[in-house]
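What follows is a short report on a single structure.
The values are calculated or read from the model by the stated rules, or taken from the named source; none is laboratory data. Here the structure is a predicted model, which means the values were calculated and not measured. Positions of Cβ are backbone-derived with ideal geometry, glycine not excepted, and every protein chain shown enters the neighbour counts. What goes into the accessible areas is simple: the full protein's heavy atoms, side chains included, and nothing from ligands, DNA or RNA. Shrake-Rupley method; radii C 1.70, N 1.55, O 1.52, S 1.80 Å.
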Amino acid sequence: MTSRVLVLAVIAACNRGSSTAGAGSARPVPVKTVAAARDDVQVWRLGLGSVAAFQQVTVRTQVDGRLDAVKFIEGQAVKAGDVLAQIDPRPFDAQLLQAQGALRRDASQLDVARRQLERYTKLRAENLVADATVETYEAQVGQLEGAVKIDQAQIDTARLNLDYARIKAPLAGVTGVRLVDAGNIVHAADATGLVVITAIDPAAVFFTLPQDYLGEIVAAQQRGAVPVEIWNRDMTKQLGKDGRLAVLDNQINQTTATLRLKAFVDNGERTLWPNAFVKARILVDTRKNALVVPVLAVQQGPNGQFVYVVDNDGVAQMRTIKLELSTDTVAVLADSDKPNEGVRPGEQVVIEGQNQLRQGVKVTTGEHKGSGEPKGSGAPKGRGSAASAGPTASTVP
């Protein structure tokens, strides 16, 4: 008798549990939703890269001599033509004076030879001198004319060496560490220069993308200038804004199956420094008036991709979708006229709580306020949107 009572008690308890579970399952499921919208979606491709100097020159002496003075400060910004150092000019001054003296001597001799040639030419016309005498003076005039030209070339060389003795910046940029101190004897053949000047504004950025994006990049180039943005490695700070694609390399790296690209980026604030690792975003397309939802709304099922839509009665409806484009923040959906497929602009799609849903379940909604970009989307702050005008999103290869 006691055993039978215990069995009945267990059955009653199980029935009560089943009733409680049924009552719980009938409760609306709390979810968060975002309205699907039509918008212009910018398609960015994200790659890893490094900063390089726009131009870089090792400043060397072009003449031999003692380095008298260094006239720059390490790390100083210089303009093209600024004097960086001075080599002892006295040997070149002496060469200039010597060449000028030789020129005066040879020019005077040439003047005398020309007058004599003129005189003997007249005498030959009167048959008073032989032709050989005139020819001798003609040869002498030619030799002296050559000597004068050589003297003038030596003067030009001496002046050029004097100019080379004032070592000037060949381009605008920032000086590096001084490589030679004043007092040293420097030579044009020295392997080490005086200083390295790096032009950092604009900055050059080399980065790579998968070869699958080749068609998109080429199409973007054909449409015009291709914008490029430069970010730090964790995508929390934009380092360069007004960038533009300069070069798409003419071959694909067979080892990595990647494209190599080069961009020029304005760097007036010096946020980009040569050899720094960065991330580069390139705008390859803009989808006009696209149907967009947050990428977190898209689910994968046995029959393909789908989203949950909450109807006006607060009931979750499963809709199969065709995904045209997916980025790290938004999904671009294809339009569909079928009643159980696709999403219409303005419909509420579920972005949180999908794991508790199934077709026809009642829900309570908390509409996501703001830009439509759920937390954790991976987009740079303020750069991703599914329901605001002009969303932009990065795609990580």
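Could you list all residues from segment 33-65 that are among the β-branched types (Val, Ile, Thr) and either farther than 30 Å from Ala77 by Cβ or assigned to a strand (DSSP E or B) (or both)?
Those that are among the β-branched types (Val, Ile, Thr) and either farther than 30 Å from Ala77 by Cβ or assigned to a strand (DSSP E or B) (or both): Thr33, Val34, Val41, Val43, Val51, Val57, Thr58, Val59.
Could you tell me which numbered condition Gln109 fails, if it satisfies all but one of (1) in contact (Cβ under 8 Å) with a residue 12 or more places away in the chain; (2) closer than 30 Å to Lys168 by Cβ; (3) assigned to a helix (DSSP H, G or I)?
(2)
Mind listing just one residue for me: the one in segment 120-162 that is among the charged types (D, E, K, R) and touching a residue at least 24 places away in the same chain (Cβ under 8 Å) and, of those, nearest to Gly65 (Cα to Cα)?
Step by step, filter segment 120-162, then rank; the result is Arg159.
Using the structure shown, decide if Val218 is more than 29 Å from Arg166 (Cβ to Cβ), at pLDDT 90 or above, touching a helix residue (DSSP H, G or I) at 6+ places or on another chain (Cβ under 7 Å) and of a type outside the set (Phe, Trp, Tyr).
In short, no.
Being among the hydrophobic types (A, V, I, L, M, F, W, C), part of a strand (DSSP E or B) and open to solvent by 10 Å² or more (accessible area, probe 1.4 Å) narrows it down to one residue among Leu291, Leu325; which is it?
Leu325 is the lone residue from the list that is among the hydrophobic types (A, V, I, L, M, F, W, C), part of a strand (DSSP E or B) and open to solvent by 10 Å² or more (accessible area, probe 1.4 Å).
Out of all the residues in segment 79-99, which are closer than 26 Å to Asp151 by Cα and touching a Pro at 6+ places or on another chain (Cβ under 8 Å)?
Residues satisfying the conditions do not exist here.
Look through Arg223, Arg166, Arg233 and report the one residue that is basic (Lys, Arg) and under 17 Å from the mean Cα position of the chain (by Cα).
Result of the check over Arg223, Arg166, Arg233: Arg233.
Got a sec? Which strands (runs of 3 or more DSSP E) wholly within segment 208-287 have at least 1 residues that are touching a Ser or Thr at 6+ places or on another chain (Cβ under 6 Å) and open to solvent by less than 70 Å² (accessible area, probe 1.4 Å)? Explain how you work it out, then say what you get.
Details: elements: 227-231, 238-248, 258-265.
Qualifying strands (runs of 3 or more DSSP E): 238-248, 258-265.
What residue, of Leu97, Leu103, is modelled with pLDDT of 90 or more and either loosely packed, with under 15 Cβ neighbours inside 10 Å or outside any helix (DSSP H, G or I) (or both)?
Leu97
Of everything in segment 150-169 that's among the charged types (D, E, K, R) and part of a helix (DSSP H, G or I), which residue is most open to solvent (accessible area, probe 1.4 Å)?
If we take residues in segment 150-169 being among the charged types (D, E, K, R) and part of a helix (DSSP H, G or I), then Arg159 is most open to solvent (accessible area, probe 1.4 Å).
Does Thr192 satisfy the condition of being free of Cβ contacts under 8 Å to residues at least 40 places away in the same chain, closer than 30 Å to Tyr164 by Cβ, surrounded by fewer than 18 Cβ atoms within 10 Å (Cβ to Cβ) and of a type in the set (S, T, N, Q)? Walk me through it before giving the result.
On the way: free of Cβ contacts under 8 Å to residues at least 40 places away in the same chain: yes; closer than 30 Å to Tyr164 by Cβ: yes; surrounded by fewer than 18 Cβ atoms within 10 Å (Cβ to Cβ): yes; of a type in the set (S, T, N, Q): yes.
In short, yes.
Show the residue pairs that are 6+ apart or on different chains and have beta-carbon atoms under 7 Å apart, the first residue being within segment 336-351 and within 18 Å of Thr33 (Cα to Cα) and assigned to a loop (DSSP other than H, G, I, E, B), the second being open to solvent by less than 50 Å² (accessible area, probe 1.4 Å) and of a type in the set (Asp, Glu).
Close Cβ pairs (under 7 Å, with a partner that is open to solvent by less than 50 Å² (accessible area, probe 1.4 Å) and of a type in the set (Asp, Glu)) do not exist here.
Show the residue pairs that are 6+ apart or on different chains and have beta-carbon atoms under 8 Å apart, the first residue being within segment 33-45 and under 16 Å from Glu352 (Cβ atoms) and in contact (Cβ under 8 Å) with a residue 60 or more places away in the chain, the second being charged (D, E, K, R) and open to solvent by 20 Å² or more (accessible area, probe 1.4 Å).
Thr33/Glu367; Val34/Glu367; Ala35/Glu347; Ala35/Glu367; Ala36/Arg344; Ala36/Glu347
Need the failing condition index for Ala130 against (1) within 14 Å of Thr61 (Cα to Cα); (2) loosely packed, with under 14 Cβ neighbours inside 10 Å, just the number.
Of the numbered conditions (1) within 14 Å of Thr61 (Cα to Cα); (2) loosely packed, with under 14 Cβ neighbours inside 10 Å, the odd one out for Ala130 is (1).
Restrict the check to segment 125-148 and report whether at least one residue is aromatic (Phe, Trp, Tyr) and over 40 Å from the mean Cα position of the chain (by Cα).
Checked segment 125-148: at least one residue is aromatic (Phe, Trp, Tyr) and over 40 Å from the mean Cα position of the chain (by Cα).
So which pairs qualify, if the first residue must be in segment 270-294 and without any contact (Cβ under 8 Å) to a residue 40 or more places away in the chain, the second must be assigned to a strand (DSSP E or B), the Cβ gap must be under 9 Å, and the two must be at least 6 apart or on different chains?
Every condition considered, the pairs that remain are Thr271/Ala203; Thr271/Ile230; Thr271/Gln238; Thr271/Leu239; Thr271/Gly240.
Looking at (1) at pLDDT 90 or above; (2) open to solvent by less than 20 Å² (accessible area, probe 1.4 Å); (3) in contact with a Phe, Trp or Tyr (Cβ under 8 Å, 6 or more places away or on another chain), can you tell me which one Ser394 breaks?
Failed condition: (1).
Considering only segment 170-180, state which residues are within 12 Å of Leu67 (Cβ to Cβ) and open to solvent by 80 Å² or more (accessible area, probe 1.4 Å).
Of all residues in segment 170-180, those within 12 Å of Leu67 (Cβ to Cβ) come to 178-180.
Correct list: Arg178, Leu179.
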